[in-house]
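Inspection log for the structure reproduced underneath, given as structure tokens.
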Amino acid sequence: MDESGGSGQPRSGTDEPAEHHAGPTTPAAPSPTPADERPAQATEGENEGGPRDTHDPNTAHGTDPEAVPAHDAAGNDTADERAGHDHPADHSGDRTLAHSGTGNRPPRRPESPRGGLLMGRPFGVPVYVAPSWFLVAALITWVFGGQLDRVLPELGAARYLVSLFFAVAFYASVLIHELAHTVAALRFKLPVRRIQLQFFGGVSEIEKEAETPGREFVLAFVGPLLSLVLAGLFYVAMQPVEPGTVPGVLLAGLMISNLIVAAFNLLPGLPLDGGRMLRAVVWKITGKPMSGTIAAAWVGRALAVSVLIGLPLLTQSGALGSTAEDSVGMDTVTDALLAAILAAIIWTGAGNSLRMARLREHLPELRARNLTRRAVPVETTTPLSEALRRANAAGARALVVVDPDGNPLSLVREAAIVGVPEHRRPWVAVSGLAQELTDGMRVSAELAGEDLLDVLRATPATEYLVVEETGEIYGVLSAADVERAFVKAMARPS
């Protein structure tokens, strides 16, 4: 689910700022993500004691109109016949280059916040503590302090310092759980955006999906496995310690909490680790990742309903080892509220996992070759009116400024063309409306899916020059066209 792409707009050859055109975007995580997406997402996170989704394919996003298909260009007005490119038909209707609207931003993952307080960068991955963690830490301190008051009443007010230590140690265990996912992801060469400790646990934001069901299974299983290992270590450390002491109570609490974390995350429904393991199994059996996602997501939704109904009933019945009188002050309303929060997180995470899977399924449909506009080459001194005449005669919707040898120098921005009144066009040279080409604005016609989106995010612009592997000009790719095509693909059922 790595912050992708900036939001800067290109400038014209006259150094006038380009118009800012913002459009609605689809959420990620999040992206991307494709990301980020992503994409992104980003990502629903894993929540220890709550749900998780280790992947954040960072997603692309955009507006919803019809996809604008590709056209080829190279040479002069008759280059289409000579180049022999096989472009799809232009479905843009009667729109000409001069009236085709303005450009848009390139697809990019939604800018995610820093994530809170930066604690460090183990394995090069930033670890953040979200503001919500402090609220939960305070709650744990108060609840555990109540338990200590009954077990060790002689501590007095110092019990809250011991409880605070327990809260910090517990989240250190959560961090180790997340680092297990991170190390496995890095071992499989999957980039990790960040780790975040937050309300109900932690999140490992992994940008890309595992390539095989076996890797997916390992990636999900290592987290609960580390939690089980930690529970075992705390149990061993507890043996030589006297039970009625502060160390004995702390070690027992950490052992039990890690067992709960492991058991909860092994439940077989998305977005929990167990759901990803179930997804990997179904993926292996059917050969279809989407089938695994659908199965695990619906099991996750069933789990959400079970938690909503079952957790309050278990607490009231004393099946969890407590009664209404000895449940550390948690009455029926508190139990129901906790169950509702957990159920909502699981249900939402399952739905987001389905959306992210759908995004990945449709990403390969975004192909630079199919989205490229036909373009005509013009020299720097060519008047805009003459350039538009040539483009309209050739059925093209883009202009590439070239030197006398035919080498591309810059792209005429669509937004700049629309801003020039018709009566001034014979007196305005195309070079004054062009964005100088940089290396990042040259896109291979063979790019597709997430690779294409990653290239566009790396160099934000409104238009890109699309070239063949030989370096020959293929056409111009508009970022707005990519966004429209993406949303159109996402609207189709899987």
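No value in this document is a laboratory result; all are computed from the given coordinates. Only a predicted model underlies this, so the values are computations on that prediction, with no experimental measurement involved. Counting neighbours? That spans all protein chains shown, and the Cβs are built from the backbone with ideal geometry, glycine included.
Got a sec? Charge dipole of the stretch 117-364, +1 on Cβ for Lys and Arg, -1 for Asp and Glu; which of 142, 278, 210 is way out at the positive end?
Farthest towards the positive end: 210.
Using a 7 Å offset from the Cα along the Cα-to-Cβ direction at both residue 121 and residue 284, what is the distance between the two label points in nm, to one decimal?
It works out to 3.7 nm between the two label points.
In what sequence do 362, 181, 423 fall when counting other Cβ within 10 Å, fewest first?
So the residues, fewest neighbours to most, are 423, 362, 181.
Can you give the FRET efficiency to the nearest 0.05 for residue 241 and residue 142, using r as the Cβ-Cβ distance and R₀ = 25 Å?
Given R0 = 25 Å and the Cβ-Cβ separation, E is 0.50.
Taking a cut-off of 22 Å between Cα atoms, list the lysines near residue 208, but don't count ones fewer than 8 places away on the same chain.
Cα-Cα hits under 22 Å: 189, 284, 288.
With just the Cα atoms defining each centre, how far is the stretch 402-454 from the stretch 347-370? Give it in Å.
30 Å
Just subtract the alpha-carbon distance of residue 291 and residue 393 from 0.36 nm times their residue separation and send over the number in nm, one decimal.
31.9 nm
Which FRET efficiency value, to the nearest 0.05, is calculated for residue 212 and residue 468 with the Förster distance at 30 angstrom and r the Cβ-Cβ distance?
Details: r = 33 Å, r/R0 = 1.09.
E(calc), rounded to 0.05, equals 0.40.
Which of 238, 490, 119, 441 comes first, and how do the rest follow, when ranked by fewest Cβ neighbours within 10 Å?
Ranking 238, 490, 119, 441 by Cβ neighbours within 10 Å, fewest first, gives 119, 238, 490, 441.
Pop a pseudo-label 7 angstrom from the Cα along the beta-carbon direction at both residue 333 and residue 436 and give the gap in nm to one decimal.
6.7 nm
Sticking to Cα atoms, compute the Rg of the stretch 174-257 to one decimal and its Dmax as the biggest Cα-Cα distance, whole number, in Å.
Rg and Dmax of the stretch 174-257, Cα atoms, are 15.8, 50 Å.
Suppose a student asked you for the relative contact order of the stretch 117-364, using Cα pairs under 8 Å spaced at least 6 residues apart; what percent would you report?
Numbers: 359 pairs, mean separation 35.2, N = 248.
Here the relative contact order equals 14 percent.
Please arrange 136, 482, 261 by how many other C-beta atoms lie within 10 Å of their C-beta, fewest to most.
Ascending Cβ contact count within 10 Å gives the list 136, 482, 261.
Size of the dipole of the stretch 117-364 about the Cα centre, Lys and Arg at +1 and Asp and Glu at -1 on the beta carbon, nothing else charged, in debye to 20?
Numbers: 17 positive and 15 negative charges, 241 e Å.
For this selection, approximately 1160 debye.
Based on Cα positions only, what radius of gyration and what Dmax would you give for the stretch 398-447, in angstroms?
12.5, 40
Would you please report the Å³ per residue occupied by the convex hull of the alpha carbon atoms in the stretch 117-364?
Dividing the Cα hull volume of the stretch 117-364 by its residue count gives 135 Å³.
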